[in-house]
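Each remark here refers to the structure printed beneath this line.
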Amino acid sequence: QVLTREISLYLESQVRVGFLGSGVGLSLVLGFGVAYACYYLNSIAKKPQLVASNDRFCRFLEEYCPVVTETYYPTIWCWEGRVQTLLRPFITSRPQVQYRNELIKTADGGQISLDWFDNNDSSYYPDASTRPTVLLLPGLTGTSKESYILHMIHQSETLGYRCVVFNNRGIAGEELLTPRTYCAANTEDLEAVIHHVHSLHPSAPFMAAGVSMGGMLLLNYLGKTGRDTPLKAAAIFSAGWNVFESVESLEKPLNWLLFNYYLTTCLQSSISRHRQMLEKLFDMDLVMKARTVREFDKQFTSVMFGYRSIDDYYEDASPCRKLKSVGIPVLCLNSVDDVFSPAHAIPVETAKQNANVALVLTSCGGHIGFLEGVWPRKCTYMDRVFKQFVQAVFEHGNKIFSM
């Protein structure tokens, strides 16, 4: 009874003092904090894995793009891949960018919308004819208004470069003139855009950066053209290397709930306003019933581009199959916790066989996430990789172009 009374008096005193004000409460909080910090520093914050067979390319990156060799510290309260993927669009700021729009015609009678950031106030490159140009390719349903594109342009602006955003057909507000949109495998529109931009500024150094599906499209173009391209180099972010593996990952129950269904509705929304044009060739009612990206591609994308089956389309759209043919320096950033591009599908061994390719693999970052800092409103790790690499290419590229 005496022992029980002493315990009771002790507990009452702790309640009066307050949990956090007690020695026990403070010890628990500090203990948890120390344990979490140790776990974060030992298991979360890591240097990325740099995969490159060319020692010269590696030394170039270490000297002029050192961010790829530094420890990446993901935001301490949202380092998990899915969380980073979901939060980035809401957390990151949206820099103000004033575009100049241009519509160009295609050989089949269609049109492509380009959004230019000319950077005419550039003090580093006042001569527009020689001002370095970066072509930016957004993701699956993305446009020039995406926050990650705006941040790339902001980074380019500080360096004095010009940017042009390639909006895929029919998603940037322009009308479809023919019943055709876009896909990750068909590079005809990209080839037309690259030729057009280069013809306008033939003396300007020229490179490209692609994000997600934009990166896949760019890789497929580079695999097709080899060295026969006006691009000096390219940067690829969060590309899906093997489409079969990507859709399988996205069809897992939690990933379907968080990402797949939403992406499918975005794809359907992007074509719904062009329904009158597309109904000439497609059963749009069937297309609008799709509940996964795979179903949408089976009923719409693969049919539009003449593939015998969805498997034929996915095989052709997978950049891992063309990586060995890339003929210019390419830096590819992926996170191994990206559900859109599973770690086991990243073509590490193939990359080692091409001296033009360097992979940068982070342990965290999700899909186009790469948040860092306590409150990651502004610059992400991806933004820093982009800025350092394009600056390295434009200002020191002669050291790798002769590889």
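The values are calculated or read from the model by the stated rules, or taken from the named source; none is laboratory data. Worth saying up front: this structure is predicted, and the values here are computed from it rather than measured. Glycine gets a Cβ as well: all are built from the backbone with ideal geometry, and neighbour counts include every protein chain shown. Note: areas computed on protein heavy atoms with side chains; ligands, DNA, RNA excluded. Shrake-Rupley method; radii C 1.70, N 1.55, O 1.52, S 1.80 Å.
Quick notes
- The listed peptides 62-73, 226-237, ordered by packing as a protection proxy, come out as 226-237, 62-73 (highest mean of other Cβ atoms within 10 Å first).
- Net charge contributed by nearby residues that have their C-beta within less than 14 Å of Leu258 (K/R +1, D/E -1): -1
- Shape category assigned to the range 78-174 from the gyration tensor of Cα positions, a/c cut at 1.5: oblate
- Solvent accessible area, Å² - Tyr261, 1.4 Å probe, full protein context: 90
- Efficiency of FRET from Cβ geometry, Ala35 and Asp121, R₀ 51 Å, rounded to 0.05: 0.50
- Using a probe of 1.4 Å on the protein chains alone, the accessible area found for Leu28 is around 100 Å².
- FRET efficiency, Thr178 to His344 (Cβ-Cβ, R0 35 Å, nearest 0.05): 0.35
- Heavy atoms of Thr130: accessible area, 1.4 Å probe, square angstrom to 10: 60
- Amide H contacts of Leu140 (H built 1.01 Å from N, under 5 Å, at least 5 apart or other chain): Met213, Gly214
- The aspartates and glutamates within cross-link reach of Lys289, meaning a Cα-to-Cα straight distance under 19 Å and a gap of 8 or more places when in the same chain, are Glu251, Glu279, Asp297.
- Carbon plus sulfur fraction of accessible area for the chain, probe 1.4 Å, in percent: 55
- The range 243-317: C-alpha gyration tensor shape, a/c 1.5 cut-off, then a/b vs b/c: oblate
- For Kirkwood radius over Cα pairs in Å, computed directly from the structure shown, the correct entry in (i) 25.6; (ii) 35.4; (iii) 22.7 is (iii).
- Aspartates and glutamates whose Cα lies under 18 Å from that of Lys232, excluding same-chain neighbours fewer than 8 positions away: Glu191, Glu395
- DSSP beta bridge pairing in the chain, given as percent antiparallel to the nearest 5: 40
- 1.4 Å probe accessible area per residue over the range 243-317, in Å²: 54
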